[in-house]
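The values are calculated or read from the model by the stated rules, or taken from the named source; none is laboratory data. Quantities reported herein were computed from a predicted structural model and do not represent experimental measurements. Positions of Cβ are generated from backbone atoms using ideal geometry, with glycine treated the same way; all protein chains shown enter the neighbour counts.
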Amino acid sequence: MPAATRPSPYRWLLFAVLAAAYLLVYFHRTCPAVVASDLMRDLEAGATSVGLLGAAYFYPYALMQIPAGLLSDSWGPRKTMTLFFLLAGIGSIWLGLAGSIGPAIAARTLVGIGVAMVFVPTMKVLTHWFRREEFATMTGILMALGGVGAYTAAQPLAWLSVAIGWRGSFMLIGVVTLALAVVIWVVVRNRPEEKGLPPIVDEAAGPAGAETISLGQGMKMVLTNGRFWAVAIWFFFALGIFFTLGGLWGGPYLMQIYGLSKPQAGGLLSMIAAGMVVGSPLLSWFSNKVLVSRKKVIILATAIHLLLLTVLYLKPSGMNLGLLYIWFFLFSVCSSAIVVIAFTTTKELFPVAIAGTSVGLVNLFPFLGGAVMQPVSGWLLSMQGGPQGPYTPAMYANLFLFWMGCAAVALIAACLAQDTLPGRKGKTA
C-alpha cells in the first residue's frame, strides 16, 4: 500500500483507549458476583433485592442501546462516551458509599446508563478508522479484551475487596472510570479527518457502503424480519443465563455450596474471562475455516451450554475443583464468547447501511435477559430458603433446572436462525 494511503498508526492508540473502556464495561457488568454475599450482609438485603441490584445495570443498559446510536450520529461517539463514562464513574463511587439497598440500586442504575454508551459508539468509531475486512478481527479482539474486564471483576476484585473492602473497591474503580473518561476526550476522534489525517478509503465496501436508509426504514426492516427475532430470542435466553450465573449468583453458589473463600471463588469465576479471551477468536476461526457456517457453530455451542447446565443440575455439589475450573471455562466459551458469531450473523442479515441499527437492536436482548433472569433467579432461591438463605444444593438444583429450560428455548431459536455463511467458496461442513 502506498505510504500516502496507509492508515495512520494513531488508530492503534485510539483502539487501545476504546478497548480499555470496554474492559471497564465488562468489569462493571460482572463485578457483583464476587461481593454479592458482602452486599447482602452490609446492606441487609435478601436474595431478591440483590437480584434487583444486579438487574439495575441491565435495564438501563438495554434501553439505552437505541439512544446510543442516535447520540453517536448527532453528538458523535467521542462526546457521547466521555459524558456517559463520567456518569458511570460517579455511579460507582456512589455505590461504594450507599448505606442501604435503595441507594445502591439507584447507583447501579447510573452505572448501567453510563457504560451503555460505549459499545455502539465504539463500533461507529471502528468503521471510520479500520477497513471493512479488518472490522471482524477488531471486534473479536475487543470482545476478548472484554474477557479481561470480566477477569478483573473476579479474582483481582476478590483480593482488592479483602484488602480495602467492597466499598473502597467500588470507589477506587469509580475514580479509574472518571480518569478514563478524560483520556477518551483527549485521545479519541470520531474519524481520521478530525485528527488531520486522510480518511480510510474502503474500496471493499462497494455500492453497499454508500447506500442510505433512514432510521425508521432500517428499524422496520430489522423488526419485521423473522430471522432477526430468532437471534434476538437466542440472545435473551443464552446471555440471560450467562449474566445471571457469571455476573451475580456464581459467587454465592461457590461459597455456600463448596465452602470456598472469596478469592477461591474469584479464581473460578476468572475462568469466565479465560473462556472469552480464548473462545472469541477461536470460534471466529472455527466458523470461518472449519464449519464454514455461522448457524452450526451457534447450535453446537448452545447444545454444549445446555449439556453443561444439565451436569450442574445433576451434580450441584458433586464436582471437584479441577472439574469446576473446566466447567466454568466451557460455560464461558459456549454462552459468552459465542456472541461474536451471533453479532456477525445479525450484521450479515441486513444491508451494510443498517448494520449499526441491526446490531444496536439485537444488543437490547442479552441485557433484557439479564435484567429479567437475575431477580427471577433470586426470587426462586428466596422462595425456597428465605430472603438471605443459606441455600442448599437442592435449592440451587431447582434454579439450574429453570436455567436448563431457558437454554432449551435458546437452542430452538438457534435452529430457527438463518445461516449467513452457508458453505462459502463451495465448502461443506
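At a glance:
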| quantity | calculated |
| --- | --- |
| Lone qualifier among 260, 254 - being over 18 Å from residue 354 (Cα atoms) and not in a helix (DSSP H, G or I) | 260 |
| Test: residue in the stretch 52-61 that is assigned to a helix (DSSP H, G or I), at pLDDT 90 or above and in contact with a Pro (Cβ under 6 Å, 6 or more places away or on another chain) | no |
| Selection from the stretch 114-158 of residues that are closer than 23 Å to residue 177 by Cα and outside any helix (DSSP H, G or I) | 116, 117, 118, 153, 154 |
| Residue, surrounded by the most Cβ atoms within 10 Å (Cβ to Cβ), within the stretch 75-106, restricted to residues that are modelled with pLDDT under 90 and closer than 26 Å to residue 121 by Cα | 77 |
| Subset of the stretch 27-50 that is within 15 Å of the chain's Cα centre (by Cα) and over 19 Å from residue 236 (Cα atoms) - its residue that is surrounded by the fewest Cβ atoms within 10 Å (Cβ to Cβ) | 27 |
| Residue in the stretch 293-302 that is modelled with pLDDT under 90 and surrounded by fewer than 23 Cβ atoms within 10 Å (Cβ to Cβ) present | no |
| Which listed residue, of 204, 273, 208, is surrounded by 24 or more Cβ atoms within 10 Å (Cβ to Cβ), part of a helix (DSSP H, G or I) and either touching a His at 6+ places or on another chain (Cβ under 7 Å) or at pLDDT below 85 (or both) | 273 |
| Residue count, the stretch 78-90 (criterion: more than 19 Å from the chain's Cα centre (by Cα) and either farther than 22 Å from residue 105 by Cα or not hydrophobic (A, V, I, L, M, F, W, C) (or both)) | 4 |
| Residue match in the stretch 69-90 (condition: closer than 30 Å to residue 200 by Cβ and either in contact with a Cys (Cβ under 7 Å, 6 or more places away or on another chain) or basic (Lys, Arg) (or both)) | yes |
| Candidate set from the stretch 62-97 (those that are of a type in the set (Phe, Trp, Tyr) and part of a helix (DSSP H, G or I)); member that is farthest from residue 116 (Cα to Cα) | 94 |
| All positions within the stretch 8-60 that are out of contact with any helix residue (DSSP H, G or I) (no Cβ under 8 Å at 6 or more places or on another chain) and either more than 21 Å from residue 88 (Cβ to Cβ) or among the hydroxyl-bearing types (Ser, Thr, Tyr) (or both) | 9, 12, 41 |
| Some residue of the stretch 338-361 being among the polar types (S, T, N, Q) and part of a loop (DSSP other than H, G, I, E, B) | no |
| Pair list, Cβ < 8 Å and 6+ apart or interchain, from the stretch 408-429 residues that are farther than 17 Å from residue 284 by Cα to residues that are surrounded by 14 or more Cβ atoms within 10 Å (Cβ to Cβ) and at pLDDT below 70 | none |
| Residue match in the stretch 315-330 (condition: among the aromatic types (Phe, Trp, Tyr), in a helix (DSSP H, G or I), touching a Phe, Trp or Tyr at 6+ places or on another chain (Cβ under 9 Å) and surrounded by fewer than 24 Cβ atoms within 10 Å (Cβ to Cβ)) | no |
| Subset of the stretch 109-125 (residues that are under 13 Å from residue 14 (Cα atoms), among the aliphatic types (A, V, I, L, M) and modelled with pLDDT of 85 or more) | 125 |
| Residue match in the stretch 11-26 (condition: among the β-branched types (Val, Ile, Thr), under 17 Å from the mean Cα position of the chain (by Cα), surrounded by 20 or more Cβ atoms within 10 Å (Cβ to Cβ) and assigned to a helix (DSSP H, G or I)) | yes |
| Of residues in the stretch 362-396 being in a helix (DSSP H, G or I) and polar (S, T, N, Q), the one nearest to residue 54 (Cα to Cα) | 374 |
| Subset of the stretch 51-74 [of a type in the set (A, V, I, L, M) and surrounded by fewer than 19 Cβ atoms within 10 Å (Cβ to Cβ)] | 63, 66, 70 |
| Residue within the stretch 384-400 that is free of Cβ contacts under 8 Å to residues at least 60 places away in the same chain, closer than 24 Å to residue 57 by Cβ and not aromatic (Phe, Trp, Tyr) present | no |
| Filtered residues of the stretch 1-26 (kept if modelled with pLDDT of 90 or more and under 26 Å from residue 369 (Cβ atoms)) | 18, 19, 21, 22, 23, 24, 25 |
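So that you can scan it fast, the table gives a plain yes or no per residue for (1) among the hydroxyl-bearing types (Ser, Thr, Tyr); (2) over 22 Å from residue 377 (Cα atoms):
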position	(1), (2)
21	no, yes
37	yes, no
63	no, no
68	no, yes
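Rundown of residues vs (1) surrounded by fewer than 22 Cβ atoms within 10 Å (Cβ to Cβ); (2) basic (Lys, Arg); (3) over 30 Å from residue 218 (Cβ atoms), yes/no style:
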position	(1), (2), (3)
354	no, no, no
361	yes, no, no
374	no, no, yes
401	yes, no, yes
